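Step one of this worksheet: look at the structure below.
Coordinate-derived values only; no laboratory data. Keep in mind the model is a prediction, meaning the values are calculated, not measured. Here the Cβ positions follow ideal geometry from the backbone for every residue, glycine too, while neighbour counts run over all protein chains shown.
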Amino acid sequence: MKLDVTCRNVELILCDVDGVLTDGGIVFDNQGIETKQFHIRDGLGIRLWMRAGYSFGIITGRTSHIVKIRAAELGIQEVRQGTEVKLPAARELWEKLGLTAKQVCFIGDDLPDLATVREVGLGIAVGDAVPEVIQSADHVTRLAGGQGAVREVVEMILKAKQRWTELVERYSS
């Protein structure tokens, strides 16, 4: 199926955190507090996606307080942390929303994301993903994880749905 048509079916975007919303680095300060760096354009992309009436969720293998904070800041309600096997969590989310796998996009970068990338309607690998995820993906972003790759995906899907221009208009006047 053509990528444009596949994008038009998407109602839910799910993504990993480390290596997708971040560059994959994990930093601890002298007190042992974990910090992560998120790209601001990914955040606006997620907000635009949800403002357009679509759903967004996070599924990550690690558990981190900062992910909870970032998700709350962006208004992301569907967050699954400590989920090493991601496909069952993804399936639970899309079924909860009354969707099918074909209506889901999953953005991943590493082996724990592989089954989910393969199962959903639009499997995405960030530009610096491991070869196995890249080979299984329907699309590979130009940008690396933590460098705006999620925003790139959101724009691509919203443009295919012909919703991008109306969302940009808000910032034009």
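The lysine pair count for the chain, using Cα distances under 19 Å and pairs eight or more places apart or on different chains, is 9. Spin-label pair Leu97-Ala52: with each label point 7 Å from Cα along the Cα-Cβ axis, the two points sit 1.3 nm from one another.
What's log10 of I(q)/I(0) for segment 100-162 at q = 0.20, 0.26, 0.30 Å⁻¹, Debye sum over Cα points only, no solvent? Result of the Debye calculation: -0.68, -1.07, -1.27.
Centre-to-centre separation between the Cα atoms of segment 1-61 and those of segment 109-169: 10 Å.
Computed over the Cα atoms, what is the radius of gyration of the chain divided by 2.2 N^0.38 Å, N being its residue count? Walk me through the intermediate numbers first.
On the way: Rg = 15.1 Å, N = 173, 2.2 N^0.38 = 15.6 Å.
Scaled against compact globular proteins, the figure is 0.97.
Antiparallel beta bridges, as assigned by DSSP with both residues in the chain, represent about 10 percent of the total such bridges.
With the biggest extent put first, the Cα atoms of segment 44-128 measure 29, 27, 27 Å across the principal axes. Here the 3J(HN,Hα) profile of segment 139-147, calculated from phi with Karplus coefficients 6.51, -1.76 and 1.60 at θ = phi - 60°, is 8, 10, 5, 6, 8, 7, x, x, 10 Hz, Gly and Pro shown as x. For Gly57, nonlocal amide neighbours, meaning residues 5 or more places apart or on other chains whose placed amide H falls under 5 Å from its own, are Ile13, Leu14, Cys15.
If I stretch the segment between Gln37 and Gln77 completely, what's the gain in nm (0.36 nm per residue apart, minus their alpha carbon distance), one decimal? Kindly include the intermediate steps, with their values, before the conclusion.
Values: separation 40, 0.36 × 40 = 14.40 nm, distance 2.02 nm.
Length gained between Gln37 and Gln77: 12.4 nm.
Legend: Rg and Dmax of segment 85-134, from Cα coordinates, 10.6, 32 Å. Among the GluC sites (Glu not before Pro) in segment 74-109, those located in a DSSP loop and surrounded by at most 12 other Cβ atoms within 10 Å of their own Cβ are Glu84.
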